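I have placed the structure first, in the form of C-alpha cells, so that the comments after it can refer back to it.
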Amino acid sequence: MINAKLLNPKNIVVVGGSDDVTKAGGKVLKNLLSGNFPGDIYAVNPKAPVVQGLTAFADVSLLPLTDLAVIAVAARYCPGIVRTLATEKGTGGFIILSAGFGEENEEGAALEKEIVETINSTGGTLIGPNCIGFLNNNYHGVFTEPIPRLSPKGIDFISGSGATAVFILETAITGGLPFSSVWSVGNSAQTGVEDVMEHLDLTFDPLTSSRIKLLYIENIGDPQRFLRHSSSLIRKGCRIAAIKAGSSEAGSRAASSHTGAMASPDTAVDALLRKAGIVRCYSRADLAAVAALFTYKPLKGRRIAIVTHAGGPAVMLTDALSEGGMEIPRLSGPASERLLEKLFPGSSVANPIDFLATGTAEQLGYIIDACENDFDEVDAMAVIFGSPGLFPVDDVYNLLHEKIRSCKIPVYPVMPSVINVKREIADFIAKGNAIFTDEVLFGRALCRVNATPVPAVPESNGNRADFKVIREVIDSATEGYLTPEMVNTLLRAAGIETVPENVVTSAEAAVRAAAAMGYPVVMKVVGPVHKSDIGGVALNISNGERVREEYTRMTALPEVTGILIQKMISGRELFCGATSEGRFGHLVMAGMGGIFIEVFRDVATALVPVSDQEARSMIRSLKSYKMIKGVRGAEGVNEEAFARVITSLSDLLAAAPEIVEMDINPLLGTPDRIVAVDARIRVQAIGNRQ
C-alpha cells in the first residue's frame, strides 16, 4: 500500500532546495510554497542559511521529524540521506527527482536498490527516482509547470515519463480538464503503474474518489495485477484511457507458426487493455480528447446528431464518425418540418443540422430541444460552434453550458475558434466544462470510446476440458513439437472435435487406413513444420493406387518420419491459435483461415482466460465476419461452435501453460459444426523460456 505520509503529509522537506528556480530543487520548493500547503515546509542546503525565505538546515540529521522528503541532489548522496530520514526522522514518503540511477548504469542501479531496501524496511513509499514528482490536492510536489486546476473529482494521472507527463498536462489543461493527482513514477524502483492502480482500487470511495484515470505507460511489469485492479476500478464506475508506448519492434519476429508470426509485442498489450476495458490512445491529443469525453454523460447508442453553423467541419465529423462505426441518422417527418420553420431560410435539418453562420443562440436552443425530445433516433449531439470574430458568442456558450447539464443525452461542444473567441472559451471552461477544438479528433475519440468493451469477466464453461488427460500428455512430452497423436488427444480432451486420422509408416498401412476411413482422403507428411511449403499435402485422394503413389513421393521428402491419413471433409476454412507472451500469459488468436490469415491477417485476439462473451466479440470484430454469417447465398458457419473452440483452446492453455505456440489451421466450419483438420503444438518447460 501507499504510505499515508506521501499522500497527506503534515510537513515536507526539500533536500537540495535553493533560490535557483531554474533547478529542480529550487522550482519544487517554489511550487510547494505557492501551493497553499497547510503544513511546515523545510529546506536542506549546506551552503545557504536562508532559502526562499525559509531558514535552511545544513544537513538532514538536523531536521525535526518529517513526513515527506522531496530529494533533488546528486544520486550518490541519496542512499545516505534516505537512510537518515527513514530510520531517524520518521519519514514515510520519498520523492526522488534526481537522475543517475538504474536508467544510467549498473552503479546507479546499485544505488537505487539500496534506497528501495531502506525504504521497504520502514514501510515507506518511494516515487521515482528520475521523475518530475507527485502532486495532489494537498501539495504540489513537482518541479515542473503547469500546475493543473485541482479538484478531488478531477483526473488521476499516472505517467512513466516525466517530460511526457508535462506535455499531456498542457494538452489536457487547455481542453478544460481538472486533475486530482499526478503520479510521475520515473524508474518505478519501488512504485510503478500497477502499484498506483492497486492503491486507487483498494482505496476507492464512490462518494469522493475520482472516476477518471489517465495512463502513460512505458512498461507493464505485472500485467495480471494491472488487469485485476484496472478492471476492478472500471466495474466500480471509473473510466480509464491509456497510451502504451514502446511496443513496436524493429523487424519481424521469427516464428514457426502463423500465430507467432502475427503476435507482435503490441498485440498482447492491446489485448490486455481491451480485456481490462481501457480505452487505448495513441497520442497526447487523443488521450486528452478521450478524457474530455469521460467528463460527459456516457453515450448509450451509436446515433449522433451533428449541429453546426459551418458546413465543412460537419462534413469532416460525419466522415470520421461513419468510418468509426457510428451512425448519422437522417432526420425527417413532422418534427423536422416544425424545427425547420424556426430557423432561417436556407437551413437544413436532415442531419447534419446546419443553421447557418447567422444562426442564433435561440435557434440553437430549439435544435437541441428537438434532438432531445422529438427525435427518438438521436443518442447524442455534437455541436460545432466557432466564430469569425465579428461579435461575442457568450450567449451561445452559456446556452451550451446549461443544455449540457439539463439534457438526458450527451451534448458535446466542439469549439474550433481558439483565437477569435478565446475569452468566451475561457469562461466556458471556468464553469467546469471540457471542450473539443478539432472535430475529427473528437469524432475518432468518440468512436474509440464507444467501441471499447466493458471489462471481461471469466465465466464458468462447465469444465469441458479433461484436465487429467491434458496433464498426462503434457507431462509425458519432451520439448518441441508434439506428435500428431498427442495433438489430437489434447484437442479432444479440450472439447475440440477432430477429423479421424491415422499415422502410418508403410504404403500397405496407408492403403488399409484410407480404405477403413472411406475415400476421399487427405495425406500429409509428419515431421516438417510447414507441410505445404515442401509439397507435403495431397488432397482429395480417391483410390488405393493414388495412396501408394503419394506415399512414395512424400516419404522421399526431407525430414519426413511418417504419413498422416485423414478423412477428407469440406467446409469454410477458419483459424485458431495461441502463443505464450511471457508475463502477459497466453494470447489466443482467431479468424478466417486460408488467405485471410496468410495475406490479410484478419485476426482477433484475447488473453487467457477467454470468456464466452469475449469469444463471441472476437468473432464479430473480424472484417470477414459477414462470411462467417454467410454471404451471397453461401452458407455460413456455426458461430456458437466457433466460440466454443476459442474458449476450449483457452481452457487447454490454462491446463497446459507449457504450450508456447499452437495453430489449428484449418478448422473447417459448417452450419452444424466446427472440426479441427490440422494442428501443431509446441511445448517448452516454463523455466526454460526467455
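The values are calculated or read from the model by the stated rules, or taken from the named source; none is laboratory data. These numbers were taken from a predicted model, which means no experiment stands behind them. Every residue, glycine as well, gets a Cβ built from its backbone with ideal geometry; the counts of neighbours run over all protein chains shown.
General remarks:
- Residue selected from segment 620-648 under the condition over 16 Å from Gly495 (Cα atoms) and among the hydroxyl-bearing types (Ser, Thr, Tyr), by the criterion nearest to the chain's Cα centre (by Cα): Ser621
- Those helices (runs of 4 or more DSSP H) of segment 237-355 in which at least 2 residues are surrounded by 22 or more Cβ atoms within 10 Å (Cβ to Cβ) and modelled with pLDDT of 95 or more, considering only elements entirely within it, cover 265-276, 284-294, 311-323.
- Of everything in segment 526-542 that is β-branched (Val, Ile, Thr) and farther than 19 Å from Lys567 by Cβ, the residue that is farthest from the chain's Cα centre (by Cα) is Ile534.
- Conditions (1) within 22 Å of Ile435 (Cβ to Cβ); (2) in contact with a strand residue (DSSP E or B) (Cβ under 7 Å, 6 or more places away or on another chain): number failed by Glu377: (1)
- Index of the failed condition, Asn138 passing every other in (1) farther than 19 Å from Ala4 by Cα; (2) outside the structural domain of Leu6 (by TED's automatic domain parsing): (1)
- Residues satisfying the stated conditions in segment 156-178, i.e. surrounded by fewer than 24 Cβ atoms within 10 Å (Cβ to Cβ) and among the hydroxyl-bearing types (Ser, Thr, Tyr): Ser161, Thr164, Thr171, Thr174
- Enumeration of residues in segment 513-526 that are out of contact with any strand residue (DSSP E or B) (no Cβ under 6 Å at 6 or more places or on another chain) and surrounded by 16 or more Cβ atoms within 10 Å (Cβ to Cβ): Val525
- Test set (1) in contact (Cβ under 8 Å) with a residue 12 or more places away in the chain; (2) within 34 Å of the chain's Cα centre (by Cα); (3) outside any loop (DSSP other than H, G, I, E, B) - Ala109 fails condition number: (1)
- Residue within segment 634-649 that is of a type in the set (Lys, Arg) and assigned to a loop (DSSP other than H, G, I, E, B) present: no
- Within segment 536-582, tally of residues that are loosely packed, with under 12 Cβ neighbours inside 10 Å and more than 15 Å from Ala510 (Cα to Cα): 5
- Boolean, Ser61 is more than 36 Å from the chain's Cα centre (by Cα), among the hydroxyl-bearing types (Ser, Thr, Tyr) and more than 20 Å from His140 (Cα to Cα): yes
- A search for C-beta distances below 7 Å between a residue of segment 183-195 that is under 17 Å from Pro79 (Cα atoms) and any residue that is part of a strand (DSSP E or B) and among the acidic types (Asp, Glu), counting only pairs 6+ apart in sequence or on different chains, returns nothing.
- Scanning segment 659-684 for residues that are surrounded by fewer than 19 Cβ atoms within 10 Å (Cβ to Cβ) and closer than 23 Å to Met486 by Cα returns Arg673, Gln684.
- Filter pass, Lys567 being touching a Gly at 6+ places or on another chain (Cβ under 9 Å), at pLDDT below 90 and either of a type in the set (Lys, Arg) or assigned by TED's automatic domain parsing to the domain that holds Val608 (or both): yes
- Elements of type strands (runs of 3 or more DSSP E) in segment 20-98, at least 2 residues being closer than 28 Å to Glu117 by Cβ: 40-44, 68-71, 93-96
- Sole residue being of a type in the set (Val, Ile, Thr), farther than 30 Å from Arg644 by Cβ, out of contact with any Pro (no Cβ under 8 Å at 6 or more places or on another chain) and at pLDDT 95 or above, chosen from Ile384, Ile409, Ile404: Ile409
- Search result, residues across segment 199-223 that are over 17 Å from the mean Cα position of the chain (by Cα), surrounded by 22 or more Cβ atoms within 10 Å (Cβ to Cβ) and charged (D, E, K, R): none
- Qualifying position, being surrounded by 15 or more Cβ atoms within 10 Å (Cβ to Cβ), out of contact with any Ser or Thr (no Cβ under 7 Å at 6 or more places or on another chain) and on the phi < 0 side of the Ramachandran plot, among Glu424, Glu485: Glu424
- For segment 655-669, the set of residues classified as touching a helix residue (DSSP H, G or I) at 6+ places or on another chain (Cβ under 9 Å) and either among the β-branched types (Val, Ile, Thr) or modelled with pLDDT of 90 or more (or both) consists of Ala655, Ala656, Pro657, Glu658, Ile659, Val660, Glu661, Met662, Asp663, Ile664, Leu667, Gly669, listed by residue number.
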